[in-house]
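Okay, so here's the structure we're looking at.
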Amino acid sequence: MVKDFAANEGSALRSLSAVAATLATAAAVVVGAILAVFAAATVAVIAVMGSALLAFTALAMRASRKVRARRRSDVIEARHLGGHHWVAYGWNERR
């Protein structure tokens, strides 16, 4: 009997279900908009962090090139010949 009542046109349950469907659709749209903003903010944060990483990498590369260019004369070089054997160069050329 309830099924017959809900199936009739213009019944109260049909209008209530239409209102509930409209509210559910509006809630889904709001949740979707919030998730879209969250996803966009995530992409923006990743872009900022990536550019900061590239900037720090560029600074490190520049600093390592400057350090390599300014070699100190009091540094000696040594080569490992195997086992406990090392050969040092430049130790007798100190100022």
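Taken together, the values in this text are just the output of simple stated rules run on the coordinates, not laboratory data. Because the structure is predicted, anything quoted here is derived from the model rather than measured. Cβ coordinates were reconstructed from backbone atoms using ideal geometry, including for glycine residues, and neighbour counts include every protein chain displayed.
Results, tabulated for the structure shown:
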quantity	calculated
Table column - 3J(HN,Hα) (Hz), the stretch 56-61, Karplus curve with 6.51, -1.76, 1.60, x for Gly and Pro	5, 5, 5, 5, 5, 5
Förster radius 41 Å - calculated FRET efficiency between HIS84 and ALA63, Cβ distance, rounded to 0.05	0.75
